[in-house]
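Here is the structure we will look at.
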Amino acid sequence: MPRTTSLLTAAILFPLVLSASTSASSATPGPLPPEADRALAREIFKQMIETNTTHTQGSTTLAMAMRERLLAAGFPASDLALVTPAEHPTKGNLVVRVHGSGKAKPVLFLGHLDVVEARREDWSVDPFSFTEQDGWFYGRGTIDMKNGDAAMVESLIRLKREGFRPERDLIVALTADEEAGGDANGPAFLLKEHRELIDAAFAVNLDGGGGVYRSGQRAYLEFGTSEKTYLTYTAETTGAGGHGSLPRPENPIYTLADALARLERFQFPVVLTATTRASFDARAELPHRDESADMHAVAATPTDLAAAERLSHNVYFNAQLHTTCTATLISGGHAENALPQRARATIQCRMMPGDSEANVRATLVRVLADPRIKLTLDAPPIVSPESAPTAEMLKRVGDVVHSMWPGVPIVPTMATGFSDDRQTRNAGIPSYDLNGTWMDADEDRAHGRDERIGAREFDESVEYTWRLMKRMSRAY
């Protein structure tokens, strides 16, 4: 079928794809910060990694340490707000403001200080010791996301030293509890109790996006503009039970297993958003894409559903095209020699922007198709709108990215996970994921064993963050 692309998508993609085709995006080194800033960034990074900010330890100690660094760099105390919920004294948030000329509403930069747990016996190095080895920095949080936090703090110090005055206030919020859900602290708490500290025209979150290497070359940089939200259900059925030697026609385990088999075969309808249309169109232009024709067909209006079905055989593309629900835990019975009285399954769903819990629940009830199964929502979802990839924002991003890595394609992306963006987006603050760290497509150790970041990649991300702060704090 003929390709039909929206004017928005065409405006965004044409200059980016053109530059990609003429430059081939090789992994040539990008620019680095001055040596003094490079050394300072690594020093800050080391301090952050070696300050344990897991859920049990909290973030206040690190937030206070960063406040002391900024005070020493000349920031007035009045521009450094350490905000801690009374009921969570170890979970502090640091909000930094660089005053601008007032030509436009502020820009907010976000980063969370907390990290997931890590056990020494699981790692080849101490997860809370900053280890440099063979061109890599190891430690819990090196990718998620103390790399971005360190880059922001160093960039603030560099901007202060340079006497930089933005055209709009530049706000940096280093927050707590993102890894714990972020519903009672972090941006959620700040927006509810101290909105004046972080109210902004838009937000830049370094907890998503970033560059992707393929076969040692810079393939593309992801620009996150939306995310799925999760919701979890418990499906449960009960029975009378009895002696295992006398099987009955109704067995809760079989009842539940039959229903879950129906769910396994079910696929939610195809849904495209402004972000995913732009993303498929951009990915189709990348080299060595066997699915390019199908990607263009999916991005077209109307969407080619046959092409969407073919792409859905890829688990990543499937998640980009559909709300998904899958069984993740199951339990049943109470004794080896007894008929089960109960069977229970956890069903984890990831909902597309624009979908609703009511629709997901109604769909699950229809697909499970058995009135004996009780479906319970374990926690309500936090649904957030997408921040559409406007031509103006793509221009801002392109200016910075291509000043660092000429010719790299920029791909708007919907995250299949979630972040603090859902808090700011729901507060009416468009939010964009713009991390500047490059990683191999086949390596993502965030939350995992031996988390690491390339030393050169970290240094480049520091320079990128400084440039990004300067560009985003311009009025236009």
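Values in this text are rule-based calculations from the coordinates and carry no lab data. Quick caveat, the model's predicted, so the values are computed rather than measured. For neighbour counting, all protein chains shown are included, and Cβ atoms are generated from backbone atoms with ideal geometry for every residue, glycine included.
Using r as the Cβ-Cβ distance of residue 474 and residue 78, and R0 as 25 Å, what FRET efficiency do you calculate, to the nearest 0.05? Given R0 = 25 Å and the Cβ-Cβ separation, E is 0.55. When DSSP assigns beta bridges and you keep just the ones with both residues in the chain, what percent turn out antiparallel, to the nearest 5? That works out to approximately 65 percent antiparallel.
Label-to-label distance, residue 117 versus residue 183, with points set 7 angstrom from Cα along the beta-carbon direction: 2.0 nm. Converting phi to 3J(HN,Hα) with the Karplus coefficients 6.51, -1.76 and 1.60 and the offset θ = phi - 60°, segment 304-314 yields 7, 5, 5, 5, 4, 5, 5, 5, 5, 5, 8 Hz in sequence order, with x at every glycine or proline.
Residues 459, 177, 444, ranked from the fewest to the most other C-beta atoms within 10 Å, line up as 444, 459, 177.
From least to most packed, judged by other beta carbons within 10 angstrom and beginning with the fewest, 254, 464, 432 follow the order 254, 432, 464.
Annotation for residue 86 and residue 331: the two label points, set 7 Å from Cα along the Cα-Cβ direction, are 3.7 nm apart. Looking at this model, which pairs from 228/470; 105/160; 46/395; 105/192; 160/192 are more than 22 angstrom apart at the alpha-carbon? Those over the limit are 228/470; 46/395; 160/192. Relative to the compact-globule estimate of 2.2 N^0.38 Å, the Cα radius of gyration of the chain comes out at 1.05.
Residues in segment 151-158 carry Karplus couplings, in order, of 5, 5, 5, 5, 5, 4, 5, 5 Hz; the curve used is 6.51 cos²θ - 1.76 cosθ + 1.60 with θ = phi - 60°, and Gly or Pro positions show x.
Listed values for segment 451-468 are Karplus-derived 3J(HN,Hα) couplings in whole Hz (6.51 cos²θ - 1.76 cosθ + 1.60, θ = phi - 60°), namely 4, 7, 9, x, 4, 5, 5, 5, 4, 5, 5, 5, 4, 4, 5, 4, 5, 5, and x replaces Gly and Pro.
At 20 °C and a viscosity of 1.002 mPa s, what translational diffusion coefficient does Stokes-Einstein give for segment 229-379, taking Rh as the Kirkwood radius over Cα pairs? Give it in µm²/s as a whole number. Please list the in-between numbers first.
Details: Rh = 17.4 Å.
In µm²/s, the coefficient is 123.
For the chain, relative contact order (Cα pairs under 8 Å, six or more residues apart, normalised by length) works out to 26 percent.
Which of 280, 164 has the fewest other C-beta atoms within 10 Å, and how do the rest follow up to the most? Write down the numbers at each step before the final one.
Working: 280 29, 164 17.
Taking fewest neighbouring Cβ atoms as first place, the list is 164, 280.
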